Amino acid sequence: MKVLMISPGFPADMPHFTRGLAQVGAKVLGVGDQPKGGLEESVKQSLTAYHQVAQLWDEERTVEDVAKWLAQHRTTVDRVECMWEPGVVLAAKLRAKLGCPGLSVEQARWFRDKESMKQVLDAAGIRTPHHYRAKSKQEVRDAVARIGFPAIVKPIDGAGSADTYTLRSADDLENALGALKHIDEVSVEEFIEGEEFTYDAICADGQVLFQNVAWYRPKPLVARQNPWISPQAICMRRLELPEISGGVDLGHRVLEALGQKTGFTHMEWFRKPDGEVVFGEIGARSPGGRLTHGMNLSVDADLFAGWAEALTAGRISQDLTKKFNAAIIFKRAQGAGDRIARVEGLDRIMREEGQHIPLVDLVPVGAPRRDYRQVVTGDGWMIARHPDLGETLRLADRLANEVLMVAG
Ligand SMILES: Nc1ncnc2c1ncn2[C@@H]1O[C@H](COP(=O)(O)OP(=O)(O)OP(=O)(O)O)[C@@H](O)[C@H]1O
Ligand SMILES: [Mg+2]
């Protein structure tokens with residue numbers, strides 16, 4: 001099977017998915033805007049061919065360019081994949097041009113546009129936050145008048161909680177309108193109080209072959225607004241827990257309504273204090289925030305290769321029994337400097353609990369600190385895992401509270 005992979009080397013997890021495809025025996029044709037020489041060694045080794053395009057996000061041009069490249073080499077492809085949010089529609093346009101199965105352009109647009117997505121789900125009777133699309137200040141005000149406070153306003157195609165504002169009063173609304181001047185189109189929604197989770201799935205031919213729920217501690221928007229927090233995402237071992245199973249059911253209904261049959265999806269949902277489960281958003285791609293690594297450590301398997309096998313053979317032959325809860329903890333350096341000066345508290349925790357901490361990947365001392373608003377992993381990430389949820393949370397909280405990265 002020949003798979004055309006968009007941006008096989010960037011961002012973070014793409015080299016793993018590219019390697020996964022090669023590992024299950026697929027021929028991988030890469031298309032991206034990185035120069036070939038800049039690709040990681042593992043990516044180069046996994047690719048059968050690579051084509052660098054000038055403007056990857058100029059969709060019409062890239063589609064023509066890729067079609068021409070394939071014709072020149074007298075080759076065809078069986079599937080087109082993109083696990084990076086901005087390329088989801090591009091992948092669908094390439095599928096249409098090259099006659100490959102998978103999400104159509106219309107479906108891909110539902111996944112990219114937070115209003116169309118919710119309209120399709122509303123029509124299927126799925127509980128979404130009360131919502132409106134707005135293109136002007138007046139439309140935002142009108143939407144808020146209909147929804148009432150608290151409300152939330154966010155870019156129609158946003159990412160990483162950027163430019164997202166909670167509105168609890170008329171003052172909040174006017175402040176947000178000022179701050180949103182550079183955004184052409186927004187989604188205005190009822191603000192859902194409660195806990196926030198993911199529902200991540202790998203499907204083939206309409207069957208869910210693997211599913212995961214991660215619990216965000218705290219909600220991503222709160223984490224973005226509070227730089228002192230070390231955000232966590234807990235991949236849950238037991239999806240049958242009453243607090244979780246409603247989200248799994250919701251996930252199945254959402255996939256069905258959007259006609260998602262094959263591939264990785266990443267959905268977010270809320271559980272209100274009264275137990276009601278509400279849809280948040282969904283992407284036709286793997287999750288960011290190193291969540292796939294957390295899932296791998298919760299099942300002791302390789303879901304990069306698992307996804308590739310699902311795509312190419314319609315099954316996953318690895319044992320995917322959940323053995324652990326796996327907590328991912330992101331660190332943000334404290335202090336005013338622009339380089340990491342020291343890391344405190346980690347050695348002690350590793351001595352005491354190291355057998356439960358299979359992964360530590362912090363920005364090294366002396367290296368520049370990172371901007372957590374640009375990179376979800378911030379100044380580094382760690383994973384703790386344990387079969388017991390209470391123990392997992394205790395370990396995660398120790399890593400969040402006792403490990404201090406100082407920028408000096
Ligand atoms: N209706 C809502 N009610 C409460 N909180 C919300 C609502 N919509 C968004 N949020 C908060 O804002 C965050 C960002 O919103 P959303 O997930 O829609 O956008 P995003 O920026 O695309 O996120 P991602 O980082 O997952 O790409 C959510 O994770 C959630 O914490
Ligand atoms: Mg989100």
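Coordinate-derived values only; no laboratory data. From a predicted model like this one, the values you see are computed outputs, not experimental measurements. Heads up, the Cβs are rebuilt from the backbone with ideal geometry, glycines too, and the neighbour counts pull from every protein chain shown.
Annotations
- Which listed residue is in contact with a Leu (Cβ under 8 Å, 6 or more places away or on another chain), of a type in the set (S, T, N, Q), surrounded by 19 or more Cβ atoms within 10 Å (Cβ to Cβ) and over 30 Å from residue 256 (Cβ atoms), from 62, 48, 18: 62
- Pairs, first touching a residue at least 60 places away in the same chain (Cβ under 8 Å) in segment 238-253, second of a type in the set (S, T, N, Q), C-beta under 9 Å, six or more apart: 238/325; 239/211; 239/212; 239/245
- Qualifying residues in segment 254-280 (those that are away from ligand 1 (no atom under 12 Å from the Cβ), in contact (Cβ under 8 Å) with a residue 24 or more places away in the chain and over 19 Å from the mean Cα position of the chain (by Cα)) - the one farthest from residue 240 (Cα to Cα): 259
- Per-region count, segment 65-77, residues among the hydrophobic types (A, V, I, L, M, F, W, C) and exposed (fewer than 13 other Cβ atoms within 10 Å of the Cβ): 1
- Number of the condition not met by residue 251 [criteria: (1) small (Gly, Ala, Ser); (2) surrounded by fewer than 21 Cβ atoms within 10 Å (Cβ to Cβ); (3) out of contact with any Asp or Glu (no Cβ under 8 Å at 6 or more places or on another chain)]: (2)
- Residues that are away from ligand 2 (no atom under 14 Å from the Cβ) and of a type outside the set (Phe, Trp, Tyr) were ranked within segment 228-238; the one that is surrounded by the most Cβ atoms within 10 Å (Cβ to Cβ) is 235.
- Unmet requirement for residue 157, which otherwise passes all of (1) assigned to a loop (DSSP other than H, G, I, E, B); (2) over 21 Å from residue 220 (Cβ atoms); (3) charged (D, E, K, R): (2)
- Strands (runs of 3 or more DSSP E) (entirely within segment 42-140) containing at least 2 residues that are over 21 Å from residue 17 (Cα atoms): 131-134
- Qualifying residue in segment 131-140 (condition: closer than 20 Å to residue 174 by Cβ and among the hydroxyl-bearing types (Ser, Thr, Tyr)): yes
- For the condition over 30 Å from residue 100 (Cα atoms), of a type in the set (Asp, Glu) and in a strand (DSSP E or B), residue 361 qualifies.
- Subset tally (residues that are surrounded by fewer than 21 Cβ atoms within 10 Å (Cβ to Cβ), assigned to a loop (DSSP other than H, G, I, E, B) and over 22 Å from the mean Cα position of the chain (by Cα)) for segment 364-402: 6
- Per the conditions (1) buried (at least 19 other Cβ atoms within 10 Å of the Cβ); (2) within 16 Å of ligand 2 (Cβ to nearest atom), the sole criterion not satisfied by residue 225 is (1).
- In segment 173-215, the residues that are over 23 Å from residue 162 (Cα atoms) and not hydrophobic (A, V, I, L, M, F, W, C): 205, 206, 207, 211, 212
- Residue 88 meets the conditions (1) farther than 30 Å from residue 132 by Cα; (2) touching a Phe, Trp or Tyr at 6+ places or on another chain (Cβ under 7 Å) in every case but one. The failed one is (1).
- Counted residues, segment 196-220 - those being surrounded by fewer than 17 Cβ atoms within 10 Å (Cβ to Cβ) and within 12 Å of ligand 1 (Cβ to nearest atom): 1
- From 315, 348, residue being away from ligand 2 (no atom under 16 Å from the Cβ) and not in a helix (DSSP H, G or I): 315
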